[in-house]
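Structure first, commentary second.
The values are calculated or read from the model by the stated rules, or taken from the named source; none is laboratory data. The model shown is predicted, which means the values in this text are computed figures rather than measured ones. Note: ideal-geometry Cβ built from the backbone for every residue, glycine included; neighbour counts use all protein chains shown. The accessibility values were calculated without ligands, DNA or RNA, using every heavy atom of the protein model including side chains. Shrake-Rupley method; radii C 1.70, N 1.55, O 1.52, S 1.80 Å.
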Amino acid sequence: MNENSSQLPCHFLVYRMIPSDAGWVDEDGALDPAIFYRKRRDWDGVSLATSIRAGLDTMKKWSRRVEGALSLHVGWVRNIDQLDVTRKRTADTHAVIEGLPYSHDNPKEAERLANKLLEIARDEPLP
């Protein structure tokens with residue numbers, strides 16, 4: 001973990017927003033593992049929100065519509081290999097999953113870990 005970051009308690013929930021334009025939801029409603037792929041622009045990790053409202057506000061700021069949200073239990077994320085969930089400062093509403101490989105560097109491992117995250121993720125109703 002980065003010395004300037006703040007580790008979230010294991011009992012916290014964090015949220016992955018599903019933008020409408022991301023293409024992560026198949027026609028049958030199944031989620032694509034790409035929802036948890038780390039891309040080149042994700043220099044600090046895959047982005048999460050510490051509340052659904054914070055996630056919606058961030059997406060609104062970027063003018064992106066949200067199709068849904070997934071919750072992840074921080075402790076369960078930590079049970080997956082070397083993954084962790086942190087944020088830069090204790091009061092931040094933006095968190096990241098650390099430890100995921102870049103999807104372009106190691107596609108098989110990226111897919112394996114993304115599927116593990118999908119297994120523990122829970123669909124959350126939007127307000």
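What is the sum of charges around Lys60, taking Lys and Arg as +1, Asp and Glu as -1, for the other residues whose C-beta is under 15 Å from the C-beta of Lys60?
Working: positive: Arg53, Lys61, Arg64, Arg65; negative: Asp21, Asp57, Glu67.
Charge balance near Lys60 sits at +1.
Please return the longest stretch of the chain lacking exposed loop sites, where GluC sites (Glu not before Pro) count only if DSSP places them in a loop and at most 12 other Cβ atoms lie within 10 Å.
Values: sites that count: Glu3, Glu27.
That would be 28-127.
What is the set of long-range amide H partners of Ala95 at a cut-off below 5 Å, with H atoms built 1.01 Å from backbone N?
Leu48, Ala49, Thr50
Taking 35 Å as R0, compute the FRET efficiency from the Cβ-Cβ separation of Phe12 and His104 and round it to 0.05.
Calculated transfer efficiency: 0.70.
In whole Hz, what ³J(HN,Hα) sequence does region 21-35 give by Karplus (6.51, -1.76, 1.60; θ = phi - 60°), x for Gly and Pro?
Those phi angles translate into 8, 7, x, 8, 10, 6, 4, 7, x, 6, 8, 7, x, 4, 4 Hz.
Please give the per residue accessible area of region 18-127, computed with a probe of 1.4 Å over protein heavy atoms only, in Å².
So region 18-127 comes to 58 Å² accessible per residue, rounded to a whole number.
How compact is region 21-94 by the rule of thumb for globular proteins, expressed as Cα Rg over 2.2 N^0.38 Å? Write down the numbers at each step before the final one.
Values: Rg = 13.3 Å, N = 74, 2.2 N^0.38 = 11.3 Å.
The value comes to 1.18.
Out of the total accessible area of the chain (probe 1.4 Å, heavy atoms of protein only), what percent is carbon and sulfur? Don't skip to the end; give the middle numbers.
Values: 3600 of 7490 Å².
With neighbouring chains kept in place, the figure for the chain is 48 percent.
Regarding region 59-127, what whole-number volume in Å³ per residue does the convex hull of its Cα atoms give?
In region 59-127, the Cα hull volume divided by residue count equals 135 Å³.
What residues have an amide H closer than 5 Å to that of Arg38, excluding those fewer than 5 places away on the same chain, when H is modeled at 1.01 Å from N in the peptide plane?
Ser103
Loop-only chymotrypsin sites (Phe, Trp or Tyr not before Pro) in region 5-82, please: DSSP not H, G, I, E or B, and at most 12 other Cβ atoms within 10 Å.
Passing sites in region 5-82 are Trp43, Trp62.
Looking at the calculated P(r) for the chain, what percent of the C-alpha pair distances fall above 18 Å?
Of all Cα-Cα distances in the chain, 50 percent exceed 18 Å.
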